[in-house]
1. Only residues that are under 25 Å from V21 (Cβ atoms) and hydroxyl-bearing (S, T, Y): list them for region 33-81, please.
2. How many of the residues in region 1-14 are surrounded by 13 or more Cβ atoms within 10 Å (Cβ to Cβ) and either without any contact (Cβ under 8 Å) to a residue 60 or more places away in the chain or closer than 18 Å to N67 by Cβ (or both)?
3. Run down E53, E90 and say which single residue is acidic (D, E) and touching a residue at least 12 places away in the same chain (Cβ under 8 Å).
4. Look through V109, V98 and report the one residue that is assigned to a strand (DSSP E or B), over 21 Å from I12 (Cα atoms) and among the β-branched types (V, I, T).
5. Could you tell me how many of the residues in region 135-154 are over 15 Å from F65 (Cβ atoms) and among the hydroxyl-bearing types (S, T, Y)?
6. Residue check, L66 against (1) exposed (fewer than 13 other Cβ atoms within 10 Å of the Cβ); (2) under 17 Å from the mean Cα position of the chain (by Cα); (3) not basic (K, R), all met but one. Which one?
7. Can you find, within region 46-62, the residue that is modelled with the highest pLDDT among those that are out of contact with any helix residue (DSSP H, G or I) (no Cβ under 8 Å at 6 or more places or on another chain) and closer than 13 Å to R107 by Cα?
8. Take the residues in region 80-112 that are in contact with a strand residue (DSSP E or B) (Cβ under 7 Å, 6 or more places away or on another chain) and exposed (fewer than 11 other Cβ atoms within 10 Å of the Cβ); name whichever of them is nearest to E3 (Cα to Cα).
Amino acid sequence: MKEKEIIKKLQISPESFLPLVLSIKFGGDWGIKTNSINVMAIKEKITRYDDNENLGYTLENVFLFLNPSILDQEGEVYRLEKCGNKKERELVKRPFKVVIDAEFIIRAVLDPMMKKIILKKIKGPLTFKGSTAYGISHEMDHICETEIHEKPIWDFEFILDK
């Protein structure tokens, strides 16, 4: 199995690698908390498009953070989120910018044109803005066991615009 070879080369435990595998296979961001580790995989999408050729692709960078910590965050963005363990979407407040570091960071570049997944150990701290920052904040809530209770979508008021 290719994953077992990579895990051995990276010298990490299989459970540390699992969020990266889940993100690659199913998409999205993933976090796992065990007695010994906190680990999360966060996906960043970058679309490249050539107007002359009318052709493009979306590159995915998936960052794997082992025992992450948020060093700084700024801004407030209100957004609707649906978490796997909740029945419906809720209005939540997330930071716009996050600075994060971890004991161990891997960047996996998923290139659909080359059909390759390129892994590289990188050093932090790293800064993310927008959707990636929201994902980091959301997954940190999971691994830190922080429960956010905000306004459910069904509490919103319907208004007919004439």
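1. T34, S36, T47, Y57, T58, S69
2. Taking region 1-14 as the starting set, the residues that turn out to be surrounded by 13 or more Cβ atoms within 10 Å (Cβ to Cβ) are 3, 6-7, 10, 12-13.
So of that shortlist, the ones also either without any contact (Cβ under 8 Å) to a residue 60 or more places away in the chain or closer than 18 Å to N67 by Cβ (or both) come out as 3, 7, 10, 12-13.
Residues in region 1-14 being surrounded by 13 or more Cβ atoms within 10 Å (Cβ to Cβ) and either without any contact (Cβ under 8 Å) to a residue 60 or more places away in the chain or closer than 18 Å to N67 by Cβ (or both): 5 in total.
3. Working: E53 fails: touching a residue at least 12 places away in the same chain (Cβ under 8 Å).
Result of the check over E53, E90: E90.
4. Details: V109 fails: over 21 Å from I12 (Cα atoms).
The conditions single out V98.
5. Residues of region 135-154 over 15 Å from F65 (Cβ atoms): 145-154.
Add one more test, that the residue is among the hydroxyl-bearing types (S, T, Y), and what stays is 146.
Counting residues in region 135-154 that are over 15 Å from F65 (Cβ atoms) and among the hydroxyl-bearing types (S, T, Y) gives 1.
6. Just one mismatch for L66, condition (1).
7. Keep residues of region 46-62 that are out of contact with any helix residue (DSSP H, G or I) (no Cβ under 8 Å at 6 or more places or on another chain), which gives 46-61.
Now drop any that are not closer than 13 Å to R107 by Cα, which leaves 59-61.
Values: L59: 91, E60: 92, N61: 95.
So the residue we want is N61.
8. Of the residues in region 80-112, the ones in contact with a strand residue (DSSP E or B) (Cβ under 7 Å, 6 or more places away or on another chain) are 80-81, 88-112.
From what's left, exposed (fewer than 11 other Cβ atoms within 10 Å of the Cβ): 88, 112.
Working: E88: 34, P112: 19 Å.
So, considering only residues that are in contact with a strand residue (DSSP E or B) (Cβ under 7 Å, 6 or more places away or on another chain) and exposed (fewer than 11 other Cβ atoms within 10 Å of the Cβ), the one nearest to E3 (Cα to Cα) is P112.
The values are calculated or read from the model by the stated rules, or taken from the named source; none is laboratory data. Just so it is clear, the structure is predicted and the values come from calculations on it, not from any experiment. Note: ideal-geometry Cβ built from the backbone for every residue, glycine included; neighbour counts use all protein chains shown.
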